[in-house]
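Okay, so here's the structure we're looking at.
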Amino acid sequence: MLKNWNRPEKPEGEEIKLRLKNVQERLASLQMKLKDRKLPVLVLIEGWGAAGKGSAIGQIIRNIDPRFFKVFSMASPTEEERRKPFLYRYFERIPEAGKFTFLDSGWMDETVRARLHGELDGEAYASRVDSIKRFERQLTDNGYLVLKFFFHISEKEQGRRIAVLLENKDTAWRVSKNDIWQNRNYKTCEEVYDRYLDDTNAPSAPWYLIDSKSKKFAELQTLEIMCTGIETALHNDSLAVPLLQNVFPLVKMPRLREVPLNKTVEDEEYKKELNRLQKKLGMLHNRLYRKRVPVIIVYEGWDAAGKGGNIKRLTGALDPRGYEVHPIASPEPHEKARHYLWRFWTRLPKDGHIAIFDRSWYGRVMVERLEGFCTENDWQRAYYEMNEFEQELHSWGAVILKFWVQIDKNTQLERFTERQNTPAKQWKITDEDWRNREKWDEYEVAVDEMLQKTSTSFAPWHILESVDKKYARIKALQIVVDALEKALD
């Protein structure tokens, strides 16, 4: 792209001033429409060192209400960030609906540097690019405008700017070792940049190459492209997004009505197995930490099915410093204003730690689907997106375990009635539980579809028969122990 790039024709000085004034007013007007229509905009500014990326961002944001944007300078990941998936720190910073996020360098810079310095071989680079393309497509599919700019200058111009900055002790700090290395290895860097730009150029999130020899002209190009992109996005925001065909290896799952619920365990056997499995799990937890293996455990199931008791027996075996349980309720306003997976990305464990989700991202295809909290296109698209999310976690090295806690309708009624009639348990039953029960059959259809479409070979569903809660607890512990032994061996 860089080598074959036809530079835009640069207008005369007065024309630049006039066009800048017009486009600045245009952006100010569009910002109010963004706010009203709740369109989030993520602007990624990449390019050569000393190409003027920071200066351009500074000029652009002068035209935006400061309450509606954030700017992040993405330096090398911290030690804490290195213990999370590659995309974690970028997903964490996506904007709320109706707001801007500007990234001064980002996932391109991190990937290209790693490639140039031999930290990513060809296979790892291809895998990283696939992750980035999925990330960008998921954002655009969920209503985000992703604008990607590459600020381009020649080898000679970069060298001149670096020299000028180094001459003054007040500006020398702005030149990094990487900038100097980049200029000395300009041709090699250009080849890797070219490859990356080609690999990640997509109709929904294309690259825009900015001629950065003149800072004013660079600002003008960026602002005009931003405004056109925003206008197009506002025009298209009501259009349905195409659904993607499944490409993930699936594990066949039974229908819920086919699951026998007569499995039980005797009290004596339960105590014996609980003690044995908890001891084993405790030892495995220590090995997990030492080997830096992350674990993600998801619990879904019917109300009153016994998820809480199951989780309690699991955590009873774990070092409290090495796990966290996330009870997932309705999203908070700041969560609802972002991509629906944001609140789960931001709760991922560090490597060597365990995250347990008491309800999860699967609410998208159950409660949100049935209660009308998202469109049909949203929840139909979510099966693919959640498989992608879990594939990303699997590629990171995580062990992913997903439990559906199953009971029948009569058992649920018995447990609801007991809770309602027992003062110490009344906090466990709500009007919403009774309302959900009225939609049992609809939920069953939704759960069956979820199990069929999201039980992948790398993150399969496990059904816990929980009419006998003790049986379900032992089964869950055994599945966790087996999975961790397999991962650690």
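The values are calculated or read from the model by the stated rules, or taken from the named source; none is laboratory data. Keep in mind the model is a prediction, meaning the values are calculated, not measured. Every residue, glycine as well, gets a Cβ built from its backbone with ideal geometry; the counts of neighbours run over all protein chains shown. Quick note on the areas: whole protein, heavy atoms, side chains included, nothing else; ligands and nucleic acids left out. Shrake-Rupley method; radii C 1.70, N 1.55, O 1.52, S 1.80 Å.
Screening M366, M386 for residues that are open to solvent by 10 Å² or more (accessible area, probe 1.4 Å) and closer than 19 Å to Y299 by Cα leaves exactly one candidate, M366.
Here is a yes/no grid of residues against (1) among the polar types (S, T, N, Q); (2) touching a residue at least 24 places away in the same chain (Cβ under 8 Å):
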residue: P66; (1), (2): no, no
residue: V71; (1), (2): no, yes
residue: S76; (1), (2): yes, yes
residue: E80; (1), (2): no, yes
residue: I94; (1), (2): no, yes
residue: G98; (1), (2): no, yes
residue: L103; (1), (2): no, yes
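Looking at W181, is it of a type in the set (F, W, Y) and at pLDDT below 95? So that I can check it myself, show each step before the final result.
Working: of a type in the set (F, W, Y): yes; at pLDDT below 95: no.
Spelling it out, it is not the case that W181 is of a type in the set (F, W, Y) and at pLDDT below 95.
Among the residues making up segment 234-257, a single one is under 17 Å from K453 (Cβ atoms) and assigned to a helix (DSSP H, G or I): L256.
Residue by residue through segment 389-438, note down the ones that are β-branched (V, I, T) and open to solvent by 50 Å² or more (accessible area, probe 1.4 Å). The answer is T417, T430.
Among the residues examined, V241 does not qualify as at pLDDT 95 or above, in contact with a helix residue (DSSP H, G or I) (Cβ under 6 Å, 6 or more places away or on another chain) and of a type in the set (A, V, I, L, M).
For segment 264-286, state whether one or more residues are closer than 30 Å to G143 by Cβ and among the small types (G, A, S). Step through it out loud before you land on a result.
Pass one, segment 264-286, residues closer than 30 Å to G143 by Cβ: none.
The answer is no; no qualifying residue exists.
The set of residues in segment 119-175 that are outside any helix (DSSP H, G or I), of a type in the set (S, T, Y) and without any contact (Cβ under 8 Å) to a residue 60 or more places away in the chain comprises S154, T171. For first residues located in segment 3-20 and surrounded by 11 or more Cβ atoms within 10 Å (Cβ to Cβ), partners that are modelled with pLDDT of 75 or more and part of a loop (DSSP other than H, G, I, E, B) and lie 6+ apart or on another chain with Cβ distances below 9 Å form the pairs K10/K213; K10/S214; I16/K10; I16/S214; L18/P11; R19/P11. Only one of the numbered conditions (1) modelled with pLDDT under 95; (2) closer than 23 Å to A202 by Cα; (3) out of contact with any His (no Cβ under 8 Å at 6 or more places or on another chain); (4) not basic (K, R) is violated by L2, and that is (3). Checked against the criterion of being in contact with a Phe, Trp or Tyr (Cβ under 8 Å, 6 or more places away or on another chain) and either open to solvent by 30 Å² or more (accessible area, probe 1.4 Å) or not in a helix (DSSP H, G or I) (or both), segment 183-200 has at least one qualifying residue.
Within segment 327-344, the set of residues being open to solvent by 10 Å² or more (accessible area, probe 1.4 Å), under 11 Å from the mean Cα position of the chain (by Cα) and touching a residue at least 60 places away in the same chain (Cβ under 8 Å) comprises R338, Y340, W342.
Just the residues that are of a type outside the set (S, T, N, Q) and over 20 Å from A483 (Cβ atoms), please, taken from segment 264-291. Write out each step before concluding.
As a first pass, look at segment 264-291 and keep what is of a type outside the set (S, T, N, Q): 265-274, 276-277, 279-285, 287-291.
Selection gives V265, E266, D267, E268, E269, Y270, K271, K272.
Let's see how each residue does on (1) out of contact with any helix residue (DSSP H, G or I) (no Cβ under 8 Å at 6 or more places or on another chain); (2) at pLDDT 95 or above:
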| residue | (1), (2) |
| --- | --- |
| G118 | yes, yes |
| A126 | yes, yes |
| F135 | no, yes |
| L139 | yes, yes |
| D194 | yes, yes |
| W207 | no, yes |
| K216 | no, no |
| L223 | no, yes |
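Residues K99, K84, K53: which one is of a type outside the set (S, T, Y), within 21 Å of Y193 (Cα to Cα) and crowded, with 17+ Cβ neighbours inside 10 Å?
So the residue among K99, K84, K53 that is of a type outside the set (S, T, Y), within 21 Å of Y193 (Cα to Cα) and crowded, with 17+ Cβ neighbours inside 10 Å is K53.
Kindly indicate whether any position in segment 26-34 is under 22 Å from P333 (Cβ atoms), open to solvent by 20 Å² or more (accessible area, probe 1.4 Å), in contact (Cβ under 8 Å) with a residue 40 or more places away in the chain and more than 25 Å from the chain's Cα centre (by Cα).
Taking segment 26-34 as the starting set, the residues that turn out to be under 22 Å from P333 (Cβ atoms) are 31-34.
Applying the additional criterion that residues be open to solvent by 20 Å² or more (accessible area, probe 1.4 Å) yields 32-33.
Now restrict to residues that are in contact (Cβ under 8 Å) with a residue 40 or more places away in the chain: 33.
Narrowing further to those that are more than 25 Å from the chain's Cα centre (by Cα): 33.
Within segment 26-34, one or more residues are under 22 Å from P333 (Cβ atoms), open to solvent by 20 Å² or more (accessible area, probe 1.4 Å), in contact (Cβ under 8 Å) with a residue 40 or more places away in the chain and more than 25 Å from the chain's Cα centre (by Cα).
Considering A472, A446, the condition of being in contact with a Lys or Arg (Cβ under 7 Å, 6 or more places away or on another chain) and open to solvent by less than 10 Å² (accessible area, probe 1.4 Å) is satisfied by A446 alone.
There is no residue in segment 398-410 that is among the aromatic types (F, W, Y), within 22 Å of T315 (Cβ to Cβ) and modelled with pLDDT under 95.
Can you tell me which residue among R67, R62, R113 is more than 27 Å from the chain's Cα centre (by Cα), open to solvent by 50 Å² or more (accessible area, probe 1.4 Å) and charged (D, E, K, R)?
Values: R67 fails: more than 27 Å from the chain's Cα centre (by Cα); R113 fails: more than 27 Å from the chain's Cα centre (by Cα).
Residue meeting the stated conditions: R62.
The lone criterion from (1) within 23 Å of E155 (Cα to Cα); (2) surrounded by 14 or more Cβ atoms within 10 Å (Cβ to Cβ) left unmet by L261 is number (1). Filtered by the rule that a residue be of a type in the set (D, E) and open to solvent by 50 Å² or more (accessible area, probe 1.4 Å), segment 147-175 gives E155, E167, D170. Filtering segment 345-363 to residues that are open to solvent by 20 Å² or more (accessible area, probe 1.4 Å) and in contact (Cβ under 8 Å) with a residue 24 or more places away in the chain leaves T346, K350, D351, H353, D358, R359.
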